[in-house]
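The values are calculated or read from the model by the stated rules, or taken from the named source; none is laboratory data. It should be emphasised that the depicted structure is a prediction, and the values quoted were computed from it without experimental measurement. Cβ coordinates were reconstructed from backbone atoms using ideal geometry, including for glycine residues, and neighbour counts include every protein chain displayed. The protein model used for the area step is the full one, side chains on, heavy atoms only, and it has no ligands, DNA or RNA in it. Shrake-Rupley method; radii C 1.70, N 1.55, O 1.52, S 1.80 Å.
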Amino acid sequence: MRALLIGAVAALALAGCATTSTPQSSAMTVDDKGFAKLQTGSVYHVGTGLFCPDSYGDLPLIRTMEYQKAVDASCNYEDESSRVTVYAYASGGPLQDELERSVAAVLEASEDNELTLSQTLSEKCRDFGSSYNLQSQLLSGLSNILSDGGNEIQIDPSDEGGPVPYFVTALQGEGLNTFVAISQADRWRIKVRYTTLGVFDAEAEALQCAYLHDVVRTTVLSRGKADGAIEEADLQSLVDRLSEPKDER
């Protein structure tokens, strides 16, 4: 547990994606694929509520798709060595079952790359997510105590616990790593597919897990918000709230 707590605190250092100012509804023009392009270069799919920033790290947004009107859409980010696609679609059923179907589809479509499941890399990404979920729940619990007068913090540092639960599987081929992550935002299923080319050491793979997590987290927490706003919680913000004078009225 001590190691998990250390990882949880370390995860606080990861910066979330920047948010943009709220666009005026009158300024939003929706294209024939259901996307509104914002002045920042970000886009918003009005049917699914999928918000896509203009870039994820160094990867620029290059393509949007609507597979089924108002209920199934994606955004694609790409450069010469990496690709990320985020999806939002209406779906039910267990996340784990959805992940297994998605991984099977990847394996079937990638026979030329001879992809194989990587238990080690999958567990590395799951551990990262669990550490994040633990620290997020600690912060959320402390925030509830401050705002609502509660006295309990519920902690569930499992793959399904935390404010942004997701399942992830990593696959490896010759000269590439690819990841599939599945999460949920209200009734919408969120899926992220991330592929990067190269031969990677353990440190590089840890950064890939962190990058994947940031994409999943941002996609889940910004869904349904045309400005992509995410309320960030960190230790400093809680310390500031603790030091605020109490309203005696």
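When the stretch 69-83 is examined, which residues are found to be open to solvent by 40 Å² or more (accessible area, probe 1.4 Å) and touching a helix residue (DSSP H, G or I) at 6+ places or on another chain (Cβ under 9 Å)?
Within the stretch 69-83, none qualify.
Give me the residue from the stretch 203-222 that is touching a residue at least 40 places away in the same chain (Cβ under 8 Å) and open to solvent by 40 Å² or more (accessible area, probe 1.4 Å) and, out of that set, farthest from Ala90 (Cα to Cα).
Among those that are touching a residue at least 40 places away in the same chain (Cβ under 8 Å) and open to solvent by 40 Å² or more (accessible area, probe 1.4 Å), it is Ala206.
Pull up the stretch 155-194, narrow it to residues that are of a type in the set (D, E, K, R) and over 21 Å from Val106 (Cβ atoms), then point me to the one that is modelled with the highest pLDDT.
Step by step, filter the stretch 155-194, then rank; the result is Arg187.
Rundown of residues vs (1) touching a Phe, Trp or Tyr at 6+ places or on another chain (Cβ under 9 Å); (2) of a type outside the set (Phe, Trp, Tyr); (3) under 19 Å from Leu99 (Cβ atoms); (4) at pLDDT 85 or above, yes/no style:
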{"site": "Thr196", "(1), (2), (3), (4)": "yes, yes, no, yes"}
{"site": "Val215", "(1), (2), (3), (4)": "yes, yes, yes, yes"}
{"site": "Thr219", "(1), (2), (3), (4)": "yes, yes, yes, yes"}
{"site": "Glu231", "(1), (2), (3), (4)": "no, yes, no, no"}
{"site": "Asp234", "(1), (2), (3), (4)": "no, yes, no, no"}
{"site": "Ser243", "(1), (2), (3), (4)": "no, yes, no, no"}
{"site": "Arg249", "(1), (2), (3), (4)": "no, yes, no, no"}
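Here are some residues: Ser118, Ser42, Ser122. Which one is at pLDDT 90 or above, within 21 Å of Ala185 (Cβ to Cβ) and either surrounded by fewer than 17 Cβ atoms within 10 Å (Cβ to Cβ) or of a type in the set (S, T, N, Q) (or both)?
Of Ser118, Ser42, Ser122, the one residue that is at pLDDT 90 or above, within 21 Å of Ala185 (Cβ to Cβ) and either surrounded by fewer than 17 Cβ atoms within 10 Å (Cβ to Cβ) or of a type in the set (S, T, N, Q) (or both) is Ser42.
Test Ala73 against the stated conditions and say whether it is of a type outside the set (D, E, K, R), outside any helix (DSSP H, G or I), touching a residue at least 60 places away in the same chain (Cβ under 8 Å) and touching a Leu at 6+ places or on another chain (Cβ under 6 Å).
Criteria not met by Ala73.
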